[in-house]
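Rule-based calculations on the coordinates, nothing more; no lab input. Just so you know, these numbers come straight off a predicted model, no measurement behind them. So basically every Cβ, Gly included, is an ideal-geometry build from the backbone, and we count neighbours across all protein chains shown.
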Amino acid sequence: MTGARRRTVRGAAVAAAVLLGGMVPGARAASGVQEIDLELAYTCDLPEGEQPVKVRITGELPESAEPGQAVQPEGVSLEATLPAGAISLPDGSTAARVSAELKLAVDVSQRDQHAQAEWIGTTAESVPVPQEGALALTTSGTVPYMKPEGSGDLVLAAGALSVELTLETAQGIPAEPPAVSLNCSADPDQPTELARTDVGGDGESSSAPPASEPAGSGATDGGAVPEVGARAKQPAAPDAAPCVGDVNDDLNLNAYVTGYANVTKLRGATKFPLACTQVSQGPTRVDLSEPGFTHIYQDSTAVLDYQGKPQLPPASGTFLTFGFMPTTATLEMTQVPPGVDAEGTPDYNVKSHLIVDWSDFTNTGLTTIDLDLMLRLRDVKVNGVPLDVGDNCRTSKPFTLSLEGRMTAKDGVTTGYTLATGGVLTGSVTLPPFSGCGAGEDLDSLFTASLSGVPGYVKQVQGAPCAAQQHVPGSEGSVCTDAYEPVDVPVAVR
């Protein structure tokens with residue numbers, strides 16, 4: 001491809017990040033808060049065919065607001081009960097636990113103007129895969145604000161639902177299959193209105209059609225389309241590491257990441273604090289050789305950024321060594337940055353592949369990220385007693401953390417991970433033997449026996465990235481702060 005064409009496709013990825021929109025604090029009107037509590041009947045495409053699914057949607061919303069004021073739903077929960085057969089496992093599958101992401105399409109209307117929002121809920125932790133019977137899932141998450149531009153009722157109605165199930169073994173590593181995706185549609189002839197907020201304070205009705213009627217079937221007296229932001233953001237942690245983008249690089253994305261890493265032998269998981277990653281988008285290739293499909297490939301590089309070094313912030317972990325001895329340590333994870341070849345081409349460690357199926361307009365995507373790392377241990381205590389491991393207790397060689405994120409988009413509903421939007425990444429890592437451990441005695445074998453050799457499951461969450469070069473200071477709804485840091489601060493999930 002020519003350089004100009006590559007830039008066009010890469011620029012689209014940057015634009016996607018910018019168009020996500022930032023979040024502003026939600027408004028709670030003085031007149032009070034209304035409760036959202038609605039149970040709906042859905043039909044989902046399960047592996048064994050279409051099946052009925054009950055979904056309950058709860059939350060809170062201001063009863064009234066003023067034009068131009070952000071209206072923020074709070075405490076949103078999505079609960080779904082999937083029937084037996086929702087997870088179709090092949091013979092010999094090792095799947096033992098399941099976590100879920102539910103994504104609900106919400107129609108936001110005022111008068112005859114409509115906009116679309118997405119409410120996303122994730123399970124707080126994985127649950128056992130049922131041997132028989134239904135699978136009950138409870139998810140929660142922050143959701144977009146809405147900003148009415150004029151007076152009249154702001155009406156919210158539920159639409160299509162997608163369910164992404166992530167499967168893991170009892171040891172916490174990806175199972176086979178690693179994920180199951182379900183698409184669901186609300187059954188007709190049932191009210192789908194979630195809430196109605198009076199905007200303008202004069203009691204004027206919006207003349208919006210009932211939520212069970214198709215969009216555009218009501219009054220046609222005009223008005224502005226309500227603004228819908230991106231997914232609501234958690235406030236930045238006071239101790240979050242700086243994560244500043246490069247304003248001189250139009251291909252730079254900077255994003256916060258956090259998550260858990262299981263240490264299988266020690267029967268515990270370490271939560272890594274918010275970290276920064278700098279992504280440089282690389283070349284894009286479009287492949288039209290397969291009839292009916294378009295394949296889009298993009299290579300990029302991702303480098304960790306903590307105080308100017310390619311590493312994660314130090315993390316503290318507490319484990320049970322040999323199954324019974326409480327052990328604490330500080331873990332320092334340093335990346336070996338990707339190199340370059342003789343012509344200066346980077347050794348890309350991020351591979352993105354998007355497939356467009358033109359037969360049904362379904363998009364599927366897979367992103368893989370490989371980070372080469374070294375792990376150092378310090379400040380080790382066994383049963384509360386300091387253990388002098390010296391200054392150079394680390395893995396004997398670099399190891400690779402391999403992560404992957406999947407995306408599906410169909411009928412206007414997008415589920416999963418992309419580099420430009422963020423989301424959940426899963427994978428595993430196997431630690432090599434340790435060396436240099438011990439000041440007065442050789443402790444290499446102790447840490448090798450306790451930590452090395454068995455794959456550990458990793459689940460990371462990337463926030464929506466900031467494209468610093470695209471940010472306009474003072475602009476509302478940006479994914480960047482005016483300090484060119486990401487607005488989206490993700491929360492670690494197990």
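Near residue 192, the amide H atoms lying under 5 Å from its own belong to 211, 212; only residues 5 or more places off or on other chains count, and H is placed 1.01 Å from N. Working ranking of peptides 335-344, 152-161, 473-482 by packing, defined as the average number of other Cβ atoms within 10 Å per residue, highest first, is 152-161, 473-482, 335-344. A DSSP coil position with no more than 12 other Cβ atoms inside 10 Å describes the following chymotrypsin sites (Phe, Trp or Tyr not before Pro) in the stretch 333-380: 358, 361. Quick one: net charge of residue 375's neighbours, Cβ under 12 Å, K/R +1, D/E -1? Around residue 375, the charge tally is +2.
Of the GluC sites (Glu not before Pro) found in the stretch 115-176, those that fall in a DSSP loop while having at most 13 other beta-carbon atoms within 10 Å are 125, 132.
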